[in-house]
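Visitor: The structure is given below, and queries will be raised subsequently.
The values are calculated or read from the model by the stated rules, or taken from the named source; none is laboratory data. Fair warning: this is a prediction, and the values are worked out from it, not measured in the lab. Cβ placement follows ideal geometry from the backbone for every residue including glycine, while neighbour counts extend to all protein chains displayed. Quick note on the areas: whole protein, heavy atoms, side chains included, nothing else; ligands and nucleic acids left out. Shrake-Rupley method; radii C 1.70, N 1.55, O 1.52, S 1.80 Å.
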Amino acid sequence: MMEIKTILMEQELAILMADLSGYTALTETHGAVSAADLIDKYIHIAENCLVGNTTIHERTGDEIMFISDSADDLLKTALLLEVQTSREEHFLLIHGGLHYGKLLKRGENYFGSALNFVSRIAAKASAGSFACSDDFIHALKNASVVNFTSTGIHTLKNIQEEKEIFALNIPKRYNRFIDPVCRMLIVNPQQAIQHPTEHGIYFCSSTCLQHYQVTNKHIAILV
C-alpha cells in the first residue's frame, strides 16, 4: 500500500539547476561579504526571470534549483537567466542543467533519481551555457526557441544508463571579458583596470591586478 501511495504522488516535472562559475575564486579573492552580496543579487535576478508557474525551490550555496510543470516555461526562464546575468557588471557567468523526469514531493522537499541526474548534467555545462537531456527536449511543446547540439553519449557518476546530453546554443550578443583572478565579468572594459603591459586583460579592481602580477598564473578569457 505504501508503494502505491508513493507512485501516485510522483509528478513529471521540469528541473533546472544553475550555479555561478567561479564562485569559489571570487570568495577567496574578495571575501565572504562580497560573496554574500553576489548571492543576494543572484537571487534577485532569478526571481525576476521566472516564467509561467516556474518557482525557485531551494538555494544551496551558489546553486539555485528551479521547478516547473512546463518544460517550455523553464527553458524560457533559463534563457532569461543567462541574458540577465551576462549583462551584469562584476557578476559571474552561470551554467546549469535542464531535465524532465519524475519527482516525489513530500512536505516541502523533492525526491527522485531525476535530481541526481540533472545535477550531473549541470556539471557538464561550460561557463555561460546550459546542458540538457533528451527527455527535456522531448517534453518541449516548442523546441524552436533555441538550437540544441548533441555533445555525445555520456557516462555519468552514479547513473547506470549512458545518456545523450545536449548543449543549448545561446548566441553571443557581445564580447565580455573575465577578470582572470576572481572570474568576475567585465562588461565595460573602459571602466575596468587594464593590465599595464598585457593586451586584452582587464581586472575588476586593483586587488586582482596586484594578485595577478604576483602569481601570474592566470590567463585572460574573452567569452
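Visitor: Out of everything in segment 157-170 that is part of a loop (DSSP other than H, G, I, E, B) and open to solvent by less than 50 Å² (accessible area, probe 1.4 Å), what residue ends up being modelled with the highest pLDDT? Reasoning before the result, please.
Guide: Going residue by residue through segment 157-170, those that are part of a loop (DSSP other than H, G, I, E, B) are 157-162, 170.
Going one step further and asking which of them are open to solvent by less than 50 Å² (accessible area, probe 1.4 Å), we end up with 159, 170.
On the way: 159: 67, 170: 84.
If we take residues in segment 157-170 being part of a loop (DSSP other than H, G, I, E, B) and open to solvent by less than 50 Å² (accessible area, probe 1.4 Å), then 170 is modelled with the highest pLDDT.
Visitor: Now a separate question. Out of 35, 14, which single residue is of a type in the set (Gly, Ala, Ser), surrounded by 17 or more Cβ atoms within 10 Å (Cβ to Cβ) and under 19 Å from residue 113 (Cα atoms)? Give the derivation first.
Guide: Numbers: 35 fails: under 19 Å from residue 113 (Cα atoms).
The conditions single out 14.
Visitor: If you don't mind, there's one more thing I want to ask. Six or more apart or on different chains, Cβ atoms under 6 Å: show the pairs whose first residue is in segment 69-87 and closer than 12 Å to residue 55 by Cα and without any contact (Cβ under 8 Å) to a residue 60 or more places away in the chain and whose second is of a type in the set (A, V, I, L, M, F, W, C) and crowded, with 20+ Cβ neighbours inside 10 Å.
Guide: 69/13
Visitor: For segment 59-87, what are the residues that are assigned to a strand (DSSP E or B) and exposed (fewer than 14 other Cβ atoms within 10 Å of the Cβ)?
Guide: 60
Visitor: Next question, about the same structure. Pick from segment 88-121 the residues that are within 24 Å of residue 187 (Cβ to Cβ) and open to solvent by less than 20 Å² (accessible area, probe 1.4 Å): which of them is farthest from the chain's Cα centre (by Cα)? Outline the logic, then answer.
Guide: Pass one, segment 88-121, residues within 24 Å of residue 187 (Cβ to Cβ): 88-96.
Retained after the next criterion (residues that are open to solvent by less than 20 Å² (accessible area, probe 1.4 Å)): 91-94, 96.
Numbers: 91: 13, 92: 10, 93: 8, 94: 4, 96: 3 Å.
Looking at residues that are within 24 Å of residue 187 (Cβ to Cβ) and open to solvent by less than 20 Å² (accessible area, probe 1.4 Å), I get 91.
Residue by residue, here is whether (1) part of a helix (DSSP H, G or I); (2) β-branched (Val, Ile, Thr) holds:
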| residue | (1), (2) |
| --- | --- |
| 16 | no, no |
| 24 | yes, yes |
| 27 | yes, yes |
| 34 | yes, no |
| 37 | yes, no |
| 45 | yes, yes |
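Visitor: Which of (1) in a loop (DSSP other than H, G, I, E, B); (2) closer than 24 Å to residue 104 by Cα; (3) not aromatic (Phe, Trp, Tyr) does residue 49 not meet, given it meets every other one?
Guide: Failing condition for residue 49: (2).
Visitor: Then there is this: Which one is modelled with the lowest pLDDT among residues in segment 139-156 that are assigned to a strand (DSSP E or B) and open to solvent by 30 Å² or more (accessible area, probe 1.4 Å)?
Guide: Initially, segment 139-156 is screened for residues assigned to a strand (DSSP E or B), giving 147-154.
The next check asks that each one be open to solvent by 30 Å² or more (accessible area, probe 1.4 Å); those that pass are 147-151, 153-154.
Numbers: 147: 91, 148: 93, 149: 91, 150: 91, 151: 88, 153: 79, 154: 68.
Here the residue is 154.
Visitor: Let me ask another. Would segment 93-109 turn up any residue that is at pLDDT 95 or above and farther than 26 Å from residue 24 by Cβ?
Guide: Within segment 93-109 (the criterion being at pLDDT 95 or above and farther than 26 Å from residue 24 by Cβ), the answer is yes, since at least one residue qualifies.
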